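The values are calculated or read from the model by the stated rules, or taken from the named source; none is laboratory data. Since the model is a prediction, treat every value here as computed from it, not as a measurement. Cβ sites come from the backbone with ideal geometry, for glycine too, and all protein chains shown count toward neighbours. Only protein heavy atoms, including side chains, enter the accessible area calculation; ligands, DNA and RNA are left aside. Shrake-Rupley method; radii C 1.70, N 1.55, O 1.52, S 1.80 Å.
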Amino acid sequence: MKMTFRWYGEKDSIPLEYIRQIPNVQSVVTAVYDVPVGEVWSDASMQKLKDLAAAKGLKAEVIESIPVHEDIKLGRGDRDRYIANYCENIRVVARHGVKCVCYNFMPVFDWLRTEMAHVNPDGSTSLAYSAEDFKKIDPTNLHLPGWDESYTPEELQGLLKAYKNVSHEQLFENFVYFLEKIIPVCEETGVVMALHPDDPPWDVFGLPRIVSSEADLDKLFAAVPSKCNGITLCTGSFGAGRKNDLVHMAAKYAAQGRVHFAHLRNVLWTDDADSFCEVGHCSSYGSLDMAAIVRALVENGFDGYVRPDHGRSIFGETGKGGYGLYDRALGAAYLNGLFEATEKALGK
Ligand code: DNO
């Protein structure tokens, strides 16, 4: 596996010098943030990210994300222009040594939580989702840190209305239409697409979500079989869905060569509804067996990118929820240990 760490570019409060010192980190996971969603990234911006990382001994081989314009998801008339731009972006990043692009196909919203600083028994804080509190959220006035985009309340209302006519099946058809156009460019450039699952893995605010389960993935791979059409195995996202068997999914999709990227983090299911809390990475903290997931990946030949996902806020650190330095660095150290022990035990 190749250990990586997310870096939000020059505006990130965590300097590359520190990222470089996290054990085993080889590459940053980053993106160009100075271009509106749907437009083409400049070679200069990409080159700059690559140069900044290289100056600290790091690669920049993974992009998270090239966001998909809503008109593509909605199947609107101008989607072909946005898809052409997306293809161009794949070519731009490929020219600068990028090997893997993480993206999602969630309508309007990226990941959702109801609490940004849930206090854990040890005094640390983390992101949490309460099924009860979720019912009280006004979707037209919602901003979460780390989203690739945010809208004005008016734009949000317009989008939510537009999705009223889009069924799960229609969204799926729009997704396949998009993939059929971009995957040939991936094959030509050697870039793999790592689809991030819905987070949480169910419909929200009446919006359809179609990347929430094993059945969803199987349907997608049947429609677009190319191995460039792969996933980000985000254990925390899939793992919030209690019917998702992460060990089985890790084994199955690693064996198929479809796990191009793994976001590894733990979640604790906190009630009988859908509530969950993000916790430290170790298995003992949460509802997922991280050692078994890593073993399933290694046994099945996984050799992709890994990053420690959302950490808690610890040691007095403040800042972007889930994206502090300390707990993600501890997560990387823990995951390195799991991988090394598993690989050695299996003679890999
Ligand atoms: C949250 C992230 C997501 C992810 C996107 C990929 O912390 O995992 O925002 O980057 O869904 O497009």
I need to check one value: relative contact order of the chain, counting alpha carbon pairs closer than 8 Å and at least 6 residues apart, in percent. 17 percent
Which cross-chain or sequence-distant (5 or more) residues have an amide H under 5 Å from the amide H of Asn266, H modelled 1.01 Å from N in plane? Val279
Per 10 Å bin, what is the whole-percent P(r) computed from every C-alpha pair distance within the range 7-58? 24, 53, 20, 3
Percent of accessible area on the chain owned by carbon and sulfur, 1.4 Å probe? 52 percent
Rg/Rg_globular for the range 2-345, with Rg_globular taken as 2.2 N^0.38 Å and Rg from C-alpha atoms: 0.93
Each residue of the range 313-327 in turn: what ³J(HN,Hα) in whole Hz from Karplus with 6.51, -1.76, 1.60 and θ = phi - 60°, glycine and Pro shown as x? 8, 9, 6, x, 6, 10, x, 4, x, x, 10, x, 7, 5, 6
Calculate the dipole size of the range 170-294 relative to its Cα centre from +1 charges on Lys and Arg beta carbons and -1 charges on Asp and Glu beta carbons; express the result in debye to the nearest 20. 300 debye
With a probe of 1.4 Å, find how much accessible area the range 2-345 has per residue, and write the answer as a whole number in Å². 40 Å²
Can you work out ³J(HN,Hα) from phi for every residue in the range 276-290, in order, using Karplus 6.51 cos²θ - 1.76 cosθ + 1.60 and θ = phi - 60°, giving whole Hz and x for Gly and Pro? 7, 10, 7, 10, x, 5, 4, 4, 4, 7, x, 9, 9, 8, 5
Please report, in debye to the nearest 20, how large the charge dipole of the chain is about its Cα centre when each Lys and Arg carries +1 at its beta carbon and each Asp and Glu carries -1 there. 820 debye
With unit charges on the beta carbons (Lys and Arg positive, Asp and Glu negative) and the dipole taken about the Cα centre of the chain, which residue among Gly241, His196, Cys100 sits farthest to the positive side? Cys100
Taking H placed 1.01 Å from N in the peptide plane, check which residues at least 5 places from Thr232 or on another chain put their amide H under 5 Å from its amide H. Leu195, His196
Rounded to whole Hz and in sequence order, give me ³J(HN,Hα) for the range 87-101 from the Karplus expression 6.51 cos²θ - 1.76 cosθ + 1.60, θ = phi - 60°, writing x for Gly and Pro. 4, 5, 5, 4, 5, 4, 5, 4, 4, 10, x, 6, 10, 9, 10
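By its C-alpha gyration tensor, with a ≥ b ≥ c as the square roots of the eigenvalues, how is the range 225-348 shaped: rounded for a/c under 1.5, else prolate for a/b larger than b/c, else oblate?
prolate
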